[in-house]
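A short reminder: the numbers here are calculations on the coordinates, not readings from a lab. All values derive from a computational prediction rather than experimental measurement. Here the Cβ is made from the backbone with ideal geometry for all residues, glycine too, and neighbour counts use every protein chain on show.
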Amino acid sequence: MSELTHDIELSLLLEAIFRRYHYDFRGYSMASVKRRVHQAKEHFRCPTISSLQDRVLHDPSVLPKLLSYLTVQVSDLFRDPAYFRALRELVIPHLKTYPSLKVWVAGCSTGEELYSLAILFREEGLEERTMFYGTDINPDALQQADAGVYSLNRIPQFTENHRRAGGKSSLSDYYTANYGAAVFDKSLRQRAVFSDHSLVSDEVFAEVQLVSCRNVLIYFDLEIQNRALGLFQDSLVRKGFLGLGAKESLRYSQYAESFVELSREERLYQKRGGA
Amino acid sequence: MISSRSTSLPATKNARAAAIAIGVSSGAVRALSEILPLLPRHFPLPVLIVVHLPPGEKSALVDCFEGKCQIAIREAEDKDPIVDGTIYFAPPDYHLLVEADRRLSLSSEEPVLFSRPSIDVLFESAADVYGAALIGIILTGASNDGAGGLKAIVAAGGTALVQRPDLAQASEMPQAALDACPNALVLTLPQIANYLQQTVA
């Protein structure tokens, strides 16, 4: 019985957040949302989800913190090095044939993925002709992404990932150490735009050659996954490229037939060339 | 190796069981080798398993058990529908969860008790969906992970099995589970295998 009450409260909370603040978590994978709402409830010392709902409806200042619970910000520079190696080997040669390029990192969180791509593109001589778009719904994450500052203790992992991704330069060329922080070179984001965009409710905003969206779709139910994949399909040029997370696929989506599998292992897809 | 003792256990109360969730850490391969190969062909339940694994490496679990088991084995992928008679391993570096529509979902939220995948995360979400129809099993491991999850399974009316700590390669995890769920059935590995066979017989 109490389970049922809990589920009612959860869906009312998400409805309240949507109607009051236009952040739409109603189509997220609920098992994980439930966990994170529970953690938020503990953090705000609210005895019930209903009381958390009361709080967030009447006190907008709790929203940023609540958003930080509801959106998952976990990434590394060159996370899953094999993915970047596959990009280098299978996708970059195609991209080199375009005079100008646009890359969309959808759900860019705090920017690690975008900086990884910027470094990769610089190593491959493509950076000058590329615009990078990093989008996310979390304003705090976007701000951190734009700052490009990461804790120095993450650098050994970043460096190892970069090496395993087939890095052709030294990662230390791209940041300066400063009071326990690694500040990434401003030139890396000279051609990057970080902006607010929701895969749940916003539309296509550019025509791009590559979409990289990793470990974002896992937080969506199948309906919202389809919506996001529809945006990617509409954004991509003919024969454009799509990269997903290691355990994500197009298998359960309505777009499985719209793409060719370029690397099954690394979840790289190419949009079909047809009409 | 496998003893054929047929201890009479109160197994039949689980005629309505709909899923099995297993959590295991150090000593996992040896412990699972005494259970998974004994699940018969046409085993009518899904088996969801979290094994603590080091991140950043491919898991060898599917390869390791594929030839030895009579039912299907796979590493879980996002939104896989949960199919009866299939063993699902959580992939390294992701939490594994059960959705209300009986699909699996993955998450790269922070590790819980230093673990991703976390046994607690799987057990709590599975308890939420399967309620009394879930059998949760904690095997060998040097961690406290799984104790909270097993408690959630019991609270939802499900069945808790714990490997006998004194016979486990690492006793800490089953002991912690037992401390959290004093009424759990405490069994040897062959008894657990036997219990699962009887449950669905």
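At a 10 Å Cβ-Cβ cut-off, how would you order B:150, A:87, fewest neighbours first? The partial results should precede the final answer.
Details: B:150 30, A:87 26.
Going from least to most buried by this count: A:87, B:150.
Could I get the Rg over Rh figure for the protein assembly as shown? Both from C-alpha atoms, Rh via Kirkwood, rounded to two places.
Working: Rg = 23.5 Å, Rh = 23.7 Å.
Over the Cα atoms of the protein assembly as shown, Rg/Rh equals 0.99.
Compute the separation of the alpha-carbon centres of segment A:198-238 and segment A:110-138 and state it in Å as a whole number.
That distance is 17 Å.
Listing A:124, B:57, B:110 from the residue with the fewest other Cβ atoms within 10 Å to the one with the most, what is the order? Can you show the working numbers first?
On the way: A:124 16, B:57 9, B:110 12.
Sorted ascending by nearby Cβ count, the order is B:57, B:110, A:124.
Take segment B:12-200, drop everything but the C-alpha atoms, weight them equally and run the Debye formula without solvent; then report log10 I(q)/I(0) at 0.11, 0.17 Å⁻¹ to two decimals.
Scattering profile of segment B:12-200, log10 relative to I(0): -0.39, -1.05.
About the Cα centre of the protein assembly as shown, how large is the charge dipole given +1 on each Lys and Arg Cβ and -1 on each Asp and Glu Cβ? Please answer in debye to the nearest 20. Spell out each step's value before the answer.
Numbers: 48 positive and 56 negative charges, 124 e Å.
With only Lys, Arg, Asp and Glu charged at Cβ, the dipole is about 600 debye.
For segment A:2-70, what's the relative contact order in percent, using C-alpha pairs closer than 8 Å and at least 6 residues apart?
Numbers: 45 pairs, mean separation 23.1, N = 69.
Rounded, it is 33 percent for segment A:2-70.
Taking 2.2 N^0.38 Å as the expected size of a compact globular protein, what ratio does the Cα radius of gyration of segment B:52-91 give against it, to two decimals? Walk me through the numbers before you get to the answer.
Numbers: Rg = 10.7 Å, N = 40, 2.2 N^0.38 = 8.9 Å.
Relative to the rule-of-thumb radius for its length, segment B:52-91 sits at 1.20.
In debye to the nearest 20, how big a dipole does segment B:12-200 give about its Cα centre with +1 on each Lys and Arg Cβ and -1 on each Asp and Glu Cβ?
Working: 13 positive and 21 negative charges, 141 e Å.
So the magnitude is around 680 debye.
What ³J(HN,Hα) values, in whole Hz, does the Karplus curve 6.51 cos²θ - 1.76 cosθ + 1.60 give for segment B:147-158 when θ = phi - 60°, with x put for Gly and Pro?
So the J values, rounded to whole Hz, are 5, x, x, 5, 4, 5, 5, 4, 4, 8, x, x.
Using bins 10 angstrom wide from zero, how does P(r) for segment A:173-258 break down, in % of all Cα pairs?
15, 40, 25, 17, 4, 0
Which is farthest toward the positive dipole end of segment A:39-135 among A:69, A:108, A:81, measuring Cα position about the Cα centre, with Cβ charges +1 (Lys, Arg) and -1 (Asp, Glu)?
A:69
In whole Å, what are the Cα extents of segment A:231-275 along the three principal axes, biggest one first?
On the principal axes, segment A:231-275 reaches 29, 18, 15 Å in Cα extent.
Rank B:95, B:42, B:52 by mean-square fluctuation in a GNM of chain B with C-alpha springs under 10 angstrom and give only the top-ranked residue.
Maximum fluctuation in the GNM of chain B, among the listed residues, is at B:42.
Evaluate Rg over Rh across segment A:2-70, taking Cα atoms for both radii and Kirkwood's formula for Rh.
Details: Rg = 10.7 Å, Rh = 11.8 Å.
Value, to two decimals: 0.91.
Looking at the calculated P(r) for segment A:116-275, what percent of the C-alpha pair distances fall above 23 Å?
Details: 5683 of 12720 pairs.
For segment A:116-275, the fraction of Cα-Cα distances above 23 Å is 45 percent.
Pairs of alpha-carbon atoms within less than 8 angstrom and 6+ residues apart define the contacts here; what relative contact order does chain B have, in percent?
Numbers: 475 pairs, mean separation 48.3, N = 201.
Worked out over chain B, it gives 24 percent.
Using the number of other C-beta atoms within 10 angstrom as an exposure proxy, rank A:261, A:112 with the fewest first.
Neighbour counts put them in this order, fewest first: A:261, A:112.
Return, for the Cα atoms of chain A, the radius of gyration and Dmax in Å, separated by a comma.
19.5, 62
Which ³J(HN,Hα) values, rounded to whole Hz and listed in residue order, are derived for segment A:104-116 from phi using the Karplus coefficients 6.51, -1.76 and 1.60 in 6.51 cos²θ - 1.76 cosθ + 1.60 with θ = phi - 60°, glycine and proline given as x?
10, 9, 8, x, 7, 6, 8, x, 4, 5, 5, 5, 4
Add -39500 (n - 2.57) for each DSSP H run of 4 or more in the protein assembly as shown, then divide by its residues: what number comes out at 222 nm, to the nearest 500 deg cm²/dmol? Kindly include the intermediate steps, with their values, before the conclusion.
Working: 16 runs with 161 residues, N = 476.
Calculated at 222 nm, the ellipticity per residue is -10000 deg cm²/dmol.
Can you pull the Rg over Rh of segment A:1-154, Cα-only, Kirkwood?
Values: Rg = 19.6 Å, Rh = 17.9 Å.
Ratio of gyration radius to Kirkwood radius: 1.10.
Run the numbers on chain A and let me know its relative contact order in percent, using alpha-carbon pairs under 8 Å that are six or more apart.
After rounding, I find 17 percent.
Given all pairs of different Cα atoms, what value in angstroms does the Kirkwood hydrodynamic radius of segment A:117-194 take?
Working: mean 1/r = 0.0749 Å⁻¹.
Kirkwood hydrodynamic radius for segment A:117-194: 13.4 Å.
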